[in-house]
Amino acid sequence: GESVGLHLPTLSVQEGDNSIINCAYSNSASDYFIWYKQESGKGPQFIIDIRSNMDKRQGQRVTVLLNKTVKHLSLQIAATQPGDSAVYFCAEPSNTGNQFYFGTGTSLTVIP
Amino acid sequence: GAGVSQSPSNKVTEKGKDVELRCDPISGHTALYWYRQSLGQGLEFLIYFQGNSAPDKSGLPSDRFSAERTGGSVSTLTIQRTQQEDSAVYLCASSLMGGSWETQYFGPGTRLLVL
């Protein structure tokens, strides 16, 4: 199957700084990507998605960048807050669309 | 509106016992997914239901695992003769129609501990 992986398993940032979480994917045919946030003891929560016909999409304090040339995805969080501390997953659909492939996640810790 | 709900939130069982995990998807969502998440790991796909179509069971790790979805809504994941390696968080998700371009909305999970 295809794989989705994270460059760094952990990331610590100072409150107020910007955070960048990276993700590499292997299926060049993937046309949709999602970022999820998972807080301790909770299920993954949708943050933002992007389709392959876009290279950037912005939400509230979050921006996702897609570089199809190098099959790389990143999530940028502006002015990181303590409530942003969580594990962040990128996900892409399988070829059948019956499931999403998730990486192992990046654990973000915000230092007050 | 109400999100995906799962029950129980926690389950402790003894090795060899059977367990049933329940998922109530978002009302109107025809697609339902089960995933398993081991400690510190990503999500492992188990099974996918879409409407009245035959489920995609390709992720079930062994024949001790089974799932059903009654009336196109509630789903039950059953693990027979539980083993310690079955200990994990079992997550359910639903989406409106299923497919590659749809966001999956997750429930809070059931934390299963097999002693």
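Only the coordinates and a few stated rules stand behind these numbers; no lab work does. Since this is a predicted model, take the numbers as computed values, not measurements. Cβ atoms come from the backbone with ideal geometry, glycine included; neighbour counts cover every protein chain shown.
Place a +1 charge on the Cβ of each Lys and Arg in region B:1-60 and a -1 charge on the Cβ of each Asp and Glu, then give the dipole magnitude about the Cα centre in debye, rounded to the nearest 20.
100
Given Cβ point charges of +1 (Lys, Arg) and -1 (Asp, Glu) and nothing else, what value in debye, to the nearest 20, does the dipole of region B:1-114 about its Cα centre take?
The dipole of region B:1-114 has a size of about 200 debye.
By average Cβ neighbour count within 10 Å, what is the ranking of A:21-32, B:27-38, A:47-58 from highest down?
B:27-38, A:21-32, A:47-58
For chain B, divide the Cα radius of gyration by the Kirkwood radius and give the resulting Rg/Rh value with two decimals.
0.95
Among A:Phe102, A:Pro9, A:Val87, pick out the residue whose Cα is farthest towards the positive end of the charge dipole of chain A, where Lys and Arg carry +1 and Asp and Glu carry -1 on C-beta, about the Cα centre.
Final value for the positive-end residue is A:Phe102.
So, with +1 on the Cβ of K and R and -1 on the Cβ of D and E, and no other charges, what is the size of the charge dipole of the protein assembly as shown about its Cα centre, to the nearest 20 debye?
60
Please tell me the relative contact order of chain A in percent, rounded to the nearest whole number, where contacts are Cα pairs under 8 Å and at least six residues apart.
The normalised contact order for chain A reaches 37 percent.
Normalise the Debye intensity by I(0) for chain A, one equal point scatterer per Cα, no solvent, then take log10 at q = 0.10, 0.12, 0.24 Å⁻¹ and round to two decimals.
Taking Cα atoms of chain A as identical point scatterers yields -0.26, -0.38, -1.43.
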